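Some notes on the structure that comes next.
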Amino acid sequence: MDPHIVVLITAGSKEEADQLSRGLVEEKLAFCVNSVPGVQSTYYWENKLCVDAEFLLIAKTRRDRFEDLEQWVRANHSYDVPEIIALPIVAGSKPYLKSIDDWINQKN
């Protein structure tokens, strides 16, 4: 299995996206988090169709940190059930992947 992953997380506001992004990096749960504004999410929730403006967070991390990342996001997110989806990084620049490892493996 590939040790590196990308985690997709949505947030309902810029303030929340900033707080989550900063916290994930400061806690060494992610090396880098991109915040993409202007995402429109269409989904079914509590027996109704919803269409909302959201921010998409793209976090680069390691698979072995996913559980801690998920717990941290769930504890710090305003949604009852936040989107937290991991995808493998099947290939990447070796220096960049090393940067992920170096940051994530540092002690706080």
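Summing Lys and Arg as +1 and Asp and Glu as -1 over all other residues whose Cβ lies under 14 Å from the Cβ of Thr42 gives a net charge of -2.
Pairs of Lys residues in the chain, spaced 8 or more positions apart or belonging to different chains, with C-alpha separations under 19 angstrom: 7 in total. Sorting the segments 73-79, 6-12 by their mean number of nearby beta carbons within 10 angstrom, highest to lowest, gives 6-12, 73-79. For the stretch 43-82, the equivalent ellipsoid built from the Cα gyration tensor has semi-axes of 24, 12, 9 Å, listed from largest to smallest. Taking 25 °C and 0.890 mPa s as the conditions, I'd like the Stokes-Einstein D for the chain in µm²/s, using the Kirkwood hydrodynamic radius from alpha carbon pairs. Translational D for this selection: 171 µm²/s. Along the stretch 42-57 the Karplus relation, 6.51 cos²θ - 1.76 cosθ + 1.60 evaluated at θ = phi - 60°, assigns HN-Hα couplings of 10, 7, 10, 8, 6, 6, 8, 7, 10, 9, 9, 7, 9, 10, 9, 9 Hz to successive residues, with x for each Gly and Pro. Peptide packing: for 13-25, 88-100, 40-52, the average count of neighbouring Cβ atoms within 10 Å per residue gives the ranking 13-25, 88-100, 40-52, highest mean first. Amide H to amide H distances under 5 Å link Thr10 with Leu57, Glu83, where only residues 5 or more positions off or on other chains count and H is placed in the peptide plane. Across the stretch 26-32, rounded Karplus estimates of 3J(HN,Hα) from the backbone phi angles (6.51 cos²θ - 1.76 cosθ + 1.60, θ = phi - 60°) give 4, 7, 6, 8, 8, 7, 8 Hz, Gly and Pro being marked x. On a 0 to 90 degree scale, rounded to 10, what angle separates helix 94-104 from the longest Cα axis of the chain? For helix 94-104, the angle is close to 80 degrees. Computed on the chain, with alpha-carbon pairs under 8 angstrom and 6+ residues apart, the relative contact order is 40 percent.
Every read-out reported here was derived from the displayed coordinates using simple, explicitly stated rules and does not represent laboratory data. The model shown is predicted, which means the values in this text are computed figures rather than measured ones. Counting neighbours? That spans all protein chains shown, and the Cβs are built from the backbone with ideal geometry, glycine included.
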